[in-house]
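Undergrad: Sharing a structure, written as structure tokens. Questions coming.
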Amino acid sequence: MTIPIDTFFLDPKFEGTLQQKIQRMISEGVLSGRFIPGVKMPSSRKLATHLGISRITVTLAYSELVSDDYLIAKGRSGYYVSPTAPQRTRFDAPRGVVSDQVDWGRAIGQRFSSQVMPEKPIDWRSYPYPFIYGQADENIFDHSNWRQCALQALGKRAFSTVTADSYERDDPELVKYIALNTLPRRGIHAKPEQILITMGAQNALWLCAEVLLNQRRVAAMENPGYPGLRGVLNLARCTVASIPVDDSGLQLNALPRETDVVFTTPSHHCPTNVTMPLERRHGLLEMASEHDFLIVEDDYEFEMSFLNPPEPALKSLDEEGRVIYIGSFSKSLFPGLRLGYVVGSEIFIREARALRAAILRHPPGHLQRTAANFLSLGHYDALVARMGQVYRKRREIMQEALTRCGLPSPGLSVAGGSSFWMKTPEGIDARDLARDLKERGVLIEPGDVFFERPEDGARYYRIAYSSIESSKIASGIELIAQTLAAICRR
């Protein structure tokens, strides 16, 4: 018995190659019980003709399915579902309807779902004008070399390293590259014992907050500032002091004397992109020494300093060990990577490492080694250079379009980044603007989530150029201007 040819169709929603689509289609049929052991598959020629694809694609998919024991090949007779094919364990469905009778209002000891973050639609790529921040541009990324580095990481030579339970340890090759290449570019010198790999900058911020803060301590953060940090500090149950930002970054005269830890983004302030000048950096370090507080420097986007040479990192100017430095590969590679690092004194790193081990052991070994390969082979530096060229061009196009359409940005001093911080005319809420623009295929980010009091940021919004094609920027900006004008006429 041969499975009817019209049983087979390719899932248009599955994001993979044609070969992977065929493999998934057949393996799902076997696992679901629709394709029973011993039944014959259509010939590769007939299936290829039916699906409108190359015969070699079907043949390769069949070969992979044979290697995984979903199919067996019987010489010239063809392919059959294997009698020992994998099967899913089945359980009888419970009788009746099971209702949730738990009083979750009483059962939940702590609540974490109130944290507000910028919204990023999962289908943002389907919008014509996605001015959203922090997403990867597939037209810039080096897919081929990343794939080769991943294959190398999963090869036999590195197999024991990437598959082992390293407990609290990190990939030595990745740590070595950060110590010898990444940090020196920021003027920072650190030993491997002073470096900890994290699941992105967010995880690094959480580790810092948990190790350094408690209910009796005061943390200062920028306002506006990164909303993810505000959530982290709320979890630490410390007192949070929101410090205003001007065109030079964090306002030092607003820091409370009782401050224990200052969290800051001096290279590219989040979300305004303001760059803290060298004089203020020295001033912050002097205050830290005088008032005995620590500084957590979130240098999440330093690679994007393509307009001017980057200012020295605070960590590079620190002579007393007061600065804890956070870096991330998620912005320069892709956000789904979730790899970052934190640099500090050995005593601090030892505590952070122990905390990380208790929660997640360590970031996945194969991701660490893939990133280490990509970095050490020079692909990363080439990618960053390419991104800088593309971003510079896109920024010029966006700046020209904003000027032409009469949409001035607040005019803050920046050294690069990947976005503009904007302000609506008097009386227009950026959240209303975002809703109207979304209906016209334009995505922007309202700025209220970056402020301690959301109402203070009602007129601000962020537009990024990291994920939108250069050819679409001008028309997208024109739609923003048209929509603002329409709202003004209401």
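The values are calculated or read from the model by the stated rules, or taken from the named source; none is laboratory data. No experiment lies behind these values; they were computed from the predicted model shown. In this analysis, Cβ positions are derived from the backbone assuming ideal geometry, glycine residues included, and neighbour counts consider all displayed protein chains.
Undergrad: If only one of 288, 219, 209 is farther than 21 Å from residue 445 by Cβ, assigned to a strand (DSSP E or B), without any contact (Cβ under 8 Å) to a residue 60 or more places away in the chain and of a type in the set (Gly, Ala, Ser), which one is it?
TA: Of 288, 219, 209, the one residue that is farther than 21 Å from residue 445 by Cβ, assigned to a strand (DSSP E or B), without any contact (Cβ under 8 Å) to a residue 60 or more places away in the chain and of a type in the set (Gly, Ala, Ser) is 219.
A quick yes/no check of all residues on (1) more than 25 Å from the chain's Cα centre (by Cα); (2) assigned to a loop (DSSP other than H, G, I, E, B); (3) surrounded by fewer than 24 Cβ atoms within 10 Å (Cβ to Cβ); (4) of a type in the set (Gly, Ala, Ser):
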| position | (1), (2), (3), (4) |
| --- | --- |
| 234 | no, no, yes, no |
| 243 | yes, no, yes, no |
| 256 | yes, yes, yes, no |
| 263 | no, no, no, no |
| 266 | no, yes, no, no |
| 272 | no, yes, no, no |
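Undergrad: Do we have any residue at all in segment 424-432 that's within 22 Å of the chain's Cα centre (by Cα) and either part of a strand (DSSP E or B) or more than 21 Å from residue 126 (Cα to Cα) (or both)?
TA: Within segment 424-432, not a single residue is within 22 Å of the chain's Cα centre (by Cα) and either part of a strand (DSSP E or B) or more than 21 Å from residue 126 (Cα to Cα) (or both).
Undergrad: Out of (1) in contact (Cβ under 8 Å) with a residue 12 or more places away in the chain; (2) within 20 Å of residue 184 (Cβ to Cβ), the odd one out for residue 330 is which?
TA: (2)
Undergrad: Hey, among 477, 463, which residue is assigned to a helix (DSSP H, G or I) and of a type outside the set (Lys, Arg)? Walk me through how you get there before you give the answer.
TA: Details: 463 fails: assigned to a helix (DSSP H, G or I).
None of the others qualify; the one that does is 477.
Undergrad: As an exercise: evaluate residue 279 against (1) within 30 Å of residue 185 (Cβ to Cβ); (2) assigned to a loop (DSSP other than H, G, I, E, B); (3) of a type outside the set (S, T, N, Q) and give the number of the one condition it does not meet.
TA: Answer for residue 279: the failing condition is (2).
Undergrad: Can you find a residue in segment 222-229 that is crowded, with 24+ Cβ neighbours inside 10 Å, among the hydrophobic types (A, V, I, L, M, F, W, C), under 20 Å from the mean Cα position of the chain (by Cα) and at pLDDT 95 or above?
TA: Within segment 222-229, one or more residues are crowded, with 24+ Cβ neighbours inside 10 Å, among the hydrophobic types (A, V, I, L, M, F, W, C), under 20 Å from the mean Cα position of the chain (by Cα) and at pLDDT 95 or above.
Undergrad: What number of residues within segment 460-490 are among the aromatic types (Phe, Trp, Tyr) and in contact (Cβ under 8 Å) with a residue 60 or more places away in the chain?
TA: Counting residues in segment 460-490 that are among the aromatic types (Phe, Trp, Tyr) and in contact (Cβ under 8 Å) with a residue 60 or more places away in the chain gives 2.
Undergrad: May I pose another question? Surrounded by 12 or more Cβ atoms within 10 Å (Cβ to Cβ), free of Cβ contacts under 8 Å to residues at least 40 places away in the same chain and closer than 21 Å to residue 74 by Cα, is that true of residue 55?
TA: Details: surrounded by 12 or more Cβ atoms within 10 Å (Cβ to Cβ): yes; free of Cβ contacts under 8 Å to residues at least 40 places away in the same chain: yes; closer than 21 Å to residue 74 by Cα: yes.
So residue 55 passes the test.
Undergrad: Take residue 252 and tell me if it is outside the structural domain of residue 451 (by TED's automatic domain parsing) and in contact with a helix residue (DSSP H, G or I) (Cβ under 6 Å, 6 or more places away or on another chain).
TA: When the stated conditions are applied, residue 252 passes them.
Undergrad: Ok, one more. Kindly list the number of the only condition in (1) modelled with pLDDT of 95 or more; (2) of a type in the set (Lys, Arg); (3) closer than 28 Å to residue 135 by Cβ that fails for residue 350.
TA: (3)
Undergrad: Let me ask you something else. Enumerate the pairs (first residue in segment 440-453 and over 13 Å from residue 227 (Cα atoms); second residue anywhere and in a loop (DSSP other than H, G, I, E, B) and among the acidic types (Asp, Glu)) with beta-carbon separation below 6 Å, excluding pairs fewer than 6 apart on the same chain, so at least 6 apart or on different chains.
TA: Close Cβ pairs (under 6 Å, with a partner that is in a loop (DSSP other than H, G, I, E, B) and among the acidic types (Asp, Glu)) do not exist here.
Undergrad: Quick check on residue 350: is it in contact with an Asp or Glu (Cβ under 7 Å, 6 or more places away or on another chain), outside any loop (DSSP other than H, G, I, E, B) and of a type in the set (D, E, K, R)?
TA: It is false that residue 350 is in contact with an Asp or Glu (Cβ under 7 Å, 6 or more places away or on another chain), outside any loop (DSSP other than H, G, I, E, B) and of a type in the set (D, E, K, R).
Undergrad: I've got another one for you. Do we find that residue 424 is in contact with an Asp or Glu (Cβ under 7 Å, 6 or more places away or on another chain), crowded, with 16+ Cβ neighbours inside 10 Å and either modelled with pLDDT of 95 or more or under 20 Å from residue 403 (Cα atoms) (or both) in this structure?
TA: Numbers: in contact with an Asp or Glu (Cβ under 7 Å, 6 or more places away or on another chain): no; crowded, with 16+ Cβ neighbours inside 10 Å: yes; either modelled with pLDDT of 95 or more or under 20 Å from residue 403 (Cα atoms) (or both): yes.
Judged against the criteria, residue 424 is not a match.
Undergrad: Name, by its number, the condition in (1) touching a strand residue (DSSP E or B) at 6+ places or on another chain (Cβ under 7 Å); (2) within 20 Å of residue 474 (Cα to Cα); (3) crowded, with 20+ Cβ neighbours inside 10 Å; (4) not hydroxyl-bearing (Ser, Thr, Tyr) that does not hold for residue 349.
TA: (2)
Undergrad: Another question, if that's okay. Taking the options 378, 411, 365, name whichever one is of a type in the set (Gly, Ala, Ser), at pLDDT below 90 and either under 29 Å from residue 169 (Cα atoms) or assigned by TED's automatic domain parsing to the domain that holds residue 169 (or both). Please lay out each step first, then the result.
TA: On the way: 378 fails: at pLDDT below 90; 411 fails: either under 29 Å from residue 169 (Cα atoms) or assigned by TED's automatic domain parsing to the domain that holds residue 169 (or both).
None of the other options fit; the residue is 365.
Undergrad: Residues 85, 150, 179: which one is within 30 Å of residue 468 (Cα to Cα) and either surrounded by 11 or more Cβ atoms within 10 Å (Cβ to Cβ) or in contact with a helix residue (DSSP H, G or I) (Cβ under 6 Å, 6 or more places away or on another chain) (or both)?
TA: Checking each option against the conditions leaves just 150.
Undergrad: Can you pull out every residue in segment 384-410 that is under 18 Å from residue 464 (Cβ atoms) and in contact with an Asp or Glu (Cβ under 9 Å, 6 or more places away or on another chain)?
TA: Those that are under 18 Å from residue 464 (Cβ atoms) and in contact with an Asp or Glu (Cβ under 9 Å, 6 or more places away or on another chain): 384, 386, 387, 388, 390, 394, 401, 405, 410.
Undergrad: Would you point out which residue out of 457, 441, 447, 476 is at positive phi and assigned by TED's automatic domain parsing to the domain that holds residue 395?
TA: Step by step, each of 457, 441, 447, 476 is checked, and only 441 is at positive phi and assigned by TED's automatic domain parsing to the domain that holds residue 395.
Undergrad: Quick check: anything in segment 58-70 surrounded by 11 or more Cβ atoms within 10 Å (Cβ to Cβ), part of a helix (DSSP H, G or I) and polar (S, T, N, Q)?
TA: Checked against the condition, which is being surrounded by 11 or more Cβ atoms within 10 Å (Cβ to Cβ), part of a helix (DSSP H, G or I) and polar (S, T, N, Q), segment 58-70 yields at least one hit.
Undergrad: Take segment 232-277 and flag every residue that is touching a Lys or Arg at 6+ places or on another chain (Cβ under 8 Å) and within 17 Å of residue 452 (Cα to Cα).
TA: Those that are touching a Lys or Arg at 6+ places or on another chain (Cβ under 8 Å) and within 17 Å of residue 452 (Cα to Cα): 238, 239, 240, 249, 250, 271.
Undergrad: Still on this structure, please answer the following. What's the number of the condition residue 303 fails, among (1) at pLDDT below 90; (2) in contact with a Leu (Cβ under 8 Å, 6 or more places away or on another chain)?
TA: All conditions pass for residue 303, except number (2).
Undergrad: Give me the residue from segment 320-338 that is at pLDDT below 95 and of a type outside the set (Gly, Ala, Ser) and, out of that set, farthest from residue 162 (Cα to Cα).
TA: Per the criteria, the residue is 331.
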